[in-house]
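The values are calculated or read from the model by the stated rules, or taken from the named source; none is laboratory data. The structure presented is a predicted model; accordingly, all values stated were derived computationally and were not measured. We place every Cβ from the backbone using ideal geometry, glycine too, and count neighbours over all the protein chains shown. Side chains included, ligands, DNA and RNA excluded: accessible areas come from the protein's heavy atoms. Shrake-Rupley method; radii C 1.70, N 1.55, O 1.52, S 1.80 Å.
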Amino acid sequence: MPNAKWSNPVEVGFEHTGSQVVLGPFDALICLMDTWPDLRGPRYVAARSFCRAAIDGRKSPEEAREVFIAAAQEAKLQAH
């Protein structure tokens, strides 16, 4: 489900590039790979895994959303 969208998009604030609206698991995966700061802990790894699983249909998009928000909190990013 590469085009799956979340019921509520997540806006993530980055220090140098401003905020980015993430609409679903595919957008989140791009964000994690291209924009994420160097602080990449276990929640970051889990978010990448959950987003890939949601794209493949093995996890729900909403499960990936929750893990993505946890990764943002772990990286000290504003996410809402």
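Miscellaneous remarks
- Accessible surface, 1.4 Å probe, highest first, among residues ASP38, ASP56: ASP38, ASP56
- Rounded to the nearest 20 debye, the dipole size of the chain about its Cα centre is 220 debye, using +1 on the Cβ of Lys and Arg and -1 on the Cβ of Asp and Glu.
- Read-out Rg and Dmax of the Cα atoms in Å, derived from the coordinates shown; its label in (i) 11.7, 36; (ii) 13.3, 43; (iii) 11.1, 34: (iii)
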